[in-house]
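What follows is a set of notes on a single structure, which appears directly below.
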2 protein chains.
Amino acid sequence: MDLKKYIRDIPDFPKKGIVFKDITPLLSNPGAFEFAAKKIAGKYRNSKIAGVVGIESRGFIIGSVVACLLGAGFIPVRKKGKLPYKTRCASYGLEYGTDSIEIHEDAVKKGKNYLLVDDLLATGGTMAACCGLVECLGGKVLACQFVIELSFLKGRDKLKNYKTNSLIIY
Amino acid sequence: MDLKKYIRDIPDFPKKGIVFKDITPLLSNPGAFEFAAKKIAGKYRNSKIAGVVGIESRGFIIGSVVACLLGAGFIPVRKKGKLPYKTRCASYGLEYGTDSIEIHEDAVKKGKNYLLVDDLLATGGTMAACCGLVECLGGKVLACQFVIELSFLKGRDKLKNYKTNSLIIY
């Protein structure tokens with residue numbers, strides 16, 4: 001199945017000059033959504049995974065389905081201030097300024113393997129911060145998994161210490 | 001399975017005097033997560049569902065898994081300004097002021113059935129706005145489904161025109 005058919009280009013979103021890759025046509029098509037989720041899950045079928053970590057908020061959509069298909073738990077990583085229990089926080093650079101993400105302190109078990117999922121690999125800053133959160137709690141990053149990778153932004157450079165997989169590469 | 005065992009009370013979150021019901025222990029437990037998702041999906045197994053609508057962002061986690069289990073597409077409803085394509089917007093009252101949610105204009109097909117999913121039924125304002133969005137695009141609301149219902153907040157009053165189901169009721 002050619003998944004690129006279900007990705008829509010939106011010019012000038014979220015700001016002028018950026019062409020946004022919209023995955024909602026893929027999500028709303030039952031066949032394409034199931035195909036994508038099963039293709040991702042199939043890659044890790046033989047790995048021992050303690051949990052799938054999804055990054056807010058589009059990473060929640062694919063991450064939770066992959067968790068369910070693999071029989072693993074789902075762990076949300078959220079923007080600062082959204083998780084209610086004790087958290088660890090990591091900051092990462094944006095074009096201007098910084099942003100922060102958090103994980104619950106009790107979400108990760110020492111020495112166990114975690115699969116990290118987000119919808120899009122752009123510059124890789126968010127995912128690199130997420131890897132740091134899992135590792136500072138003693139977890140192992142099995143792999144970083146994306147639906148879409150914008151390879152010209154060289155996000156893999158920031159993730160070179162991790163196995164990185166993408167379903168669709170531009 | 002007693003799902004209440006996997007819900008954690010967090011006092012004074014997001015502000016003093018509120019006891020927050022934290023579903024992350026349920027999500028991170030593979031057995032409990034799968035049990036909850038299958039129990040929800042089982043209710044609609046014999047209904048014709050064109051799509052599952054999930055409300056940002058905890059509604060994405062359960063909603064997308066239920067969509068996958070039912071072989072339906074997933075449609076995200078997001079906070080204003082987050083969806084990239086043409087949208088319809090609905091506002092709803094909060095304790096102080098208002099908030100707004102959006103849906104893509106092409107996400108709903110006229111005359112088809114949609115299942116609306118969120119994690120928590122409190123006062124019902126967000127879900128009522130979401131029902132309005134689906135209906136203004138010509139879709140039918142098959143049911144509103146929640147993981148947790150805080151029945152003392154009487155959210156069902158705002159949803160009395162719709163079938164409303166909750167997995168866990170306090």
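With a 1.4 Å probe on protein heavy atoms only, work out how much accessible surface B and A bury together, total over both chains, in Å² to the nearest 100.
Summing both sides, the interface buries roughly 2800 Å².
Going by amide H atoms built from the backbone, whose H comes under 5 Å of the H on B:ILE168, apart from near neighbours?
Sorted by chain and number, the residues that satisfy this are B:ILE148, B:GLU149.
Between copies, how far apart are the B:TYR85 label points? List them in nm, one decimal, shortest first, with each point 7 Å from Cα toward Cβ, please?
3.7
Could you tell me what percent of the accessible area of the protein assembly as shown is made up of carbon and sulfur, with a 1.4 Å probe and every protein chain present?
50 percent
Given the pairs A:LYS38/B:LYS154; A:LYS16/B:LYS112; B:LYS16/B:LYS158; B:LYS82/B:LYS140, which are separated by over 29 angstrom at their Cα positions?
Where the Cα-Cα span goes over 29 Å, the pairs concerned are A:LYS38/B:LYS154; A:LYS16/B:LYS112.
Can you work out ³J(HN,Hα) from phi for every residue in segment A:105-116, in order, using Karplus 6.51 cos²θ - 1.76 cosθ + 1.60 and θ = phi - 60°, giving whole Hz and x for Gly and Pro?
4, 9, 7, 10, 9, 4, x, 8, 8, 10, 9, 9
Kindly identify residues of segment A:1-42 having a loss of at least 30 Å² in accessible area between the isolated chain and the assembly of all protein chains, probe radius 1.4 Å.
A:ARG8, A:ILE10, A:PHE13, A:THR24, A:LEU27, A:SER28, A:PRO30, A:PHE33, A:GLU34
Answer rounded, prolate or oblate for chain B, using the Cα gyration tensor with square roots of eigenvalues a ≥ b ≥ c: rounded when a/c is under 1.5, else prolate when a/b is larger than b/c, else oblate.
oblate
Roughly how many nanometres apart are two label points built 7 Å out from the Cα toward the Cβ at B:LYS15 and A:ASP2?
Inter-label distance under the simple model: 5.3 nm.
Going through segment B:91-139, which chymotrypsin sites (Phe, Trp or Tyr not before Pro) have at most 15 other Cβ atoms within 10 Å and a DSSP loop state?
The qualifying sites are B:TYR96.
Please list 3J(HN,Hα) in residue order for segment B:154-164, calculated via the Karplus relation 6.51 cos²θ - 1.76 cosθ + 1.60 where θ = phi - 60°; whole Hz, with x for glycine and proline.
After applying 6.51 cos²θ - 1.76 cosθ + 1.60, I find 6, x, 4, 4, 6, 10, 5, 7, 10, 5, 10 Hz.
Across peptide B:74-84, what mean number of C-beta atoms from other chains lies inside 10 Å of a residue's C-beta?
Going residue by residue through B:74-84 and averaging, the value is 4.
At a threshold of 8 angstrom on Cα-Cα distance, excluding pairs fewer than six apart, so keeping six or more, what relative contact order does chain A reach in percent?
RCO, chain A: 17 percent.
Which value at 222 nm does the protein assembly as shown reach when only helices count, each DSSP H run of 4 or more adding -39,500 (n - 2.57), with the total divided by all residues and rounded to the nearest 500 deg cm²/dmol?
My calculation for the protein assembly as shown gives -8000 deg cm²/dmol from helical runs alone.
Determine the shielding of peptide B:96-106 by partner chains: average, over its residues, the number of Cβ atoms on other chains within 10 angstrom of each Cβ. List each step's numbers first, then the result.
Working: counts 0, 0, 0, 0, 0, 0, 0, 1, 5, 0, 4.
Mean shielding by partner chains, rounded to a whole number: 1.
How much accessible area per residue does segment B:43-169 have, in Å², with a 1.4 Å probe?
About 43 Å² of surface per residue is accessible.
Report ³J(HN,Hα) in whole Hz for each residue of segment A:127-144, in order, from the Karplus equation J = 6.51 cos²θ - 1.76 cosθ + 1.60 where θ = phi - 60°; Gly and Pro get x.
Here the 3J(HN,Hα) series is 5, 4, 5, 5, 4, x, 5, 4, 6, 5, 9, x, x, 10, 8, 5, 6, 9 Hz.
Of all beta bridges DSSP finds with both residues in the protein assembly as shown, what is the antiparallel percent, to the nearest 5?
Looking only at bridges with both residues in the protein assembly as shown, the antiparallel portion is about 35 percent.
The values are calculated or read from the model by the stated rules, or taken from the named source; none is laboratory data. Values in this document were obtained by computation on a predicted structure and should not be read as measured data. With ideal geometry, Cβ positions are generated from the backbone for all residues, glycine too; neighbour counts draw on all protein chains shown. For the accessible areas, the whole protein counts, side chains as well, though only heavy atoms, and no ligand, DNA or RNA atoms are used. Shrake-Rupley method; radii C 1.70, N 1.55, O 1.52, S 1.80 Å.
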